[in-house]
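Worksheet for the structure shown next.
Bear in mind these aren't lab numbers, they're just calculated from the coordinates by the rules spelled out. Model, not experiment: these values are computed from the prediction. Using ideal geometry, Cβ is built from the backbone for each residue, glycine included, and neighbour counts are taken over all protein chains shown.
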Amino acid sequence: MGFFDFFKKEVKREFIARPDESKDTIIYKWPDTNIRMLTQLTVQADELAVFVKKGEVAGTLQPGTHTLDGASIPFLSGLIDAATGGNFLMSELYFVSTRQFTDLPFGGMIDNVMDPQTNLAVGIRVYGEYAMTVKAPEKLILTLVGTKNLKSNEEITDWIKDMILKNFREMVSKYVSEQKQPILGIASQASVFEKMLLETVVKDVAEYGVEINKLGNVTVSIKEEDEATLKQMTRDFAYSQNMNAADAAVKLGMAKGLENASGPGSSAADAAATGMGIAMGMNALKPNDENEKKPE
């Protein structure tokens, strides 16, 4: 290494700031743990600088330009490396963004839930967005990040998504299993779930130093094939409980059959078969005492 290369390296080490390419990351870990004393540390307006040694937070610096000197910043005295003659600090340094991160997506399959009316296992999905802010960087580093060198925000946001889905799964299970609410039409409860979800997930992530500021665009849906089956079973159940509606359905089926018989490739026999098939099916739903009469 030439003199000028060495000089450039030394100058670079004497000025520390978050690199421009990492401005949008929630947490950036400075790559060196040997930090020269009297280095100029720049902390941007929307971040904090956290010093960690042996799994414990030594101290936090607010936005501004700081000269790393144990005389002016007392907690740095405990980070001085005696082996270097007191010329270096031994510490991990994290830059933690304190601004709000918005439009973060979450979603996926929740679970197969048993519909109380039909006993059909139905797959439910949820999708939406959330906004988050780091309120206690020290907690986030010690409880979640540890000593990992984070490469992207996903290592934090994926964890939050899992927490949201976990809370939503518990809410839906309670709504269906305990309150015996029908799954068909659950999409209309999206705003209710959104409010309840915000209340519960805020408490869960707070202990990690994170605040969920809001949830939005929450959409609850049923797997298409499950929804079709559920609608058919619900319709059949309704007919079995209301024979007037069932008779109307039979007559409608026969009328449709006769109408279709006028088309090419159809016949009156086909129409009759259609109506008779519906009639036989609906007749099977009638109580046994109506279907089985004693001979006179």
message = Just want to confirm a number: the relative contact order over the stretch 101-227, from Cα pairs under 8 angstrom separated by 6+ residues, in percent.
response = 40
query = When the chain is fully extended, how far beyond the present Cα-Cα distance does residue 170 get from residue 73, taking 0.36 nm per residue of separation?
reply = 30.2 nm
Residue 82 paired with residue 231, simple spin-label distance in nm, labels 7 Å along Cα-to-beta-carbon = 7.7
query = Taking 0.36 nm per intervening residue step and subtracting the Cα-Cα distance, what contour gain separates residue 131 from residue 114 on full extension?
reply = 2.9 nm
note = When the charge dipole of the stretch 101-227 is computed with +1 at the Cβ of Lys and Arg and -1 at the Cβ of Asp and Glu, the Cα pointing farthest to the positive end, of 118, 173, 209, is that of 209
key: Separation in nanometres of the label points that stand 7 Å from Cα toward Cβ, at residue 33 and residue 207   = 2.8
task = About the Cα centre of the stretch 3-97, how large is the charge dipole given +1 on each Lys and Arg Cβ and -1 on each Asp and Glu Cβ? Please answer in debye to the nearest 20.
result = 180
ask   = Using Cα pairs under 8 angstrom and six or more residues apart, how large is the relative contact order of the stretch 3-97, in percent?
value = 34
request  = Set the Förster radius R0 to 35 Å, insert the Cβ-Cβ distance between residue 15 and residue 53 as r into 1/(1 + (r/R0)^6), and round the FRET efficiency to 0.05.
outcome  = 0.95
query = How big is the stretch 101-227 by Rg and Dmax over its Cα atoms, in Å?
reply = 16.0, 51
request  = State whether the stretch 31-93 is rounded, prolate or oblate according to the following rule on the C-alpha gyration tensor (a ≥ b ≥ c being the square roots of its eigenvalues): a/c under 1.5 gives rounded; otherwise a/b larger than b/c gives prolate, and the remaining case gives oblate.
outcome  = prolate
key: Given 166/214; 161/231; 203/231; 23/195, the pairs whose alpha carbons are separated by over 27 Å   = 161/231; 203/231; 23/195
query = In which sequence would 169, 99 go, from the one with the fewest C-beta neighbours within 10 Å to the one with the most?
reply = 99, 169
query = Once a ≥ b ≥ c are taken as the square roots of the eigenvalues of the Cα gyration tensor of the stretch 1-142, is the result rounded (a/c under 1.5), prolate (a/b larger than b/c) or oblate (a/b not larger than b/c)?
reply = prolate
inquiry  = Assuming 0.36 nm per residue, please report the length gained on full extension of the stretch residue 178 to residue 199 beyond their Cα-Cα distance.
reply    = 5.6 nm
